[in-house]
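So the structure is just underneath, and the comments pick up after that.
The values are calculated or read from the model by the stated rules, or taken from the named source; none is laboratory data. Because the structure is a prediction, the values reported are computed rather than measured. Quick reminder, even Gly has a Cβ in these numbers, built from the backbone with ideal geometry, and neighbours come from all protein chains shown.
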């Protein structure tokens, strides 16, 4: 039985409660990202809402900050945000009401997961975060940005010319 078949069987048995993708560089022994799997045999245990046929996906890969060149750390607030999202989704009354947030979390059905080939990568389901509209029409923004880029190219050419001249004076002409 291959990985895909195992994943499919786990999903069809409705064992996956939540998938959380964490950023890379969290651990000292590896820099690869980590994905937490929350599994349960009973999504209707009476303590929380009936979650049968549903799985929560949380994409926390963009969270955290670098504590040094190669190690990332999640803040207490970020950990609390992830935990509160999961607890709200389960239906714990004291955590408030759950809501899908584009780019961060999504409540997906087993059928939706099947339509994605039983892939359990949170980014596939949560999508991209919404970009705030700054009110500037696209054409105007592109004209403004390309004009600024042209100015920067011109400045770059001047700086390159000055650097080459200075190197030549020092006897290191290119």
* To do: Please state which one of 99, 106 is assigned by TED's automatic domain parsing to the domain that holds residue 35 and in a strand (DSSP E or B).
  => 106
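For residue 121, state whether it is surrounded by 11 or more Cβ atoms within 10 Å (Cβ to Cβ) and either in contact with a strand residue (DSSP E or B) (Cβ under 9 Å, 6 or more places away or on another chain) or touching a residue at least 60 places away in the same chain (Cβ under 8 Å) (or both).
yes
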* Asked: Taking the condition at pLDDT below 95, under 23 Å from the mean Cα position of the chain (by Cα) and surrounded by 11 or more Cβ atoms within 10 Å (Cβ to Cβ), does residue 56 pass?
  -> no
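With in contact with a helix residue (DSSP H, G or I) (Cβ under 9 Å, 6 or more places away or on another chain) and exposed (fewer than 14 other Cβ atoms within 10 Å of the Cβ) as the only criterion, which of 139, 134, 111 stands out?
Working: 139 fails: in contact with a helix residue (DSSP H, G or I) (Cβ under 9 Å, 6 or more places away or on another chain); 111 fails: in contact with a helix residue (DSSP H, G or I) (Cβ under 9 Å, 6 or more places away or on another chain).
Criteria check complete, one pass: 134.
Taking the stated definitions as given, is residue 51 within 28 Å of residue 7 (Cβ to Cβ) and surrounded by 15 or more Cβ atoms within 10 Å (Cβ to Cβ)?
Here the answer is yes, as residue 51 does meet what is asked.
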* Can you name the residue in the range 7-16 that is assigned to a helix (DSSP H, G or I) and either in contact (Cβ under 8 Å) with a residue 24 or more places away in the chain or not assigned by TED's automatic domain parsing to the domain that holds residue 108 (or both) and is also surrounded by the fewest Cβ atoms within 10 Å (Cβ to Cβ) among such residues? -> 12
* Structure fact -> Considering only strands (runs of 3 or more DSSP E) wholly within the range 17-68, the ones with at least 2 residues that are closer than 19 Å to residue 103 by Cα and free of Cβ contacts under 8 Å to residues at least 60 places away in the same chain are 34-39, 54-59
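Just the residues that are surrounded by fewer than 17 Cβ atoms within 10 Å (Cβ to Cβ) and on the phi < 0 side of the Ramachandran plot, please, taken from the range 88-99. Write out each step before concluding.
Of all residues in the range 88-99, those surrounded by fewer than 17 Cβ atoms within 10 Å (Cβ to Cβ) come to 91-97, 99.
Across the range 88-99, the qualifying residues are 92, 93, 94, 95, 97, 99.
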* Asked: Is there a residue in the range 69-82 that is over 20 Å from residue 3 (Cβ atoms), buried (at least 18 other Cβ atoms within 10 Å of the Cβ), touching a residue at least 60 places away in the same chain (Cβ under 8 Å) and out of contact with any helix residue (DSSP H, G or I) (no Cβ under 6 Å at 6 or more places or on another chain)?
  -> yes
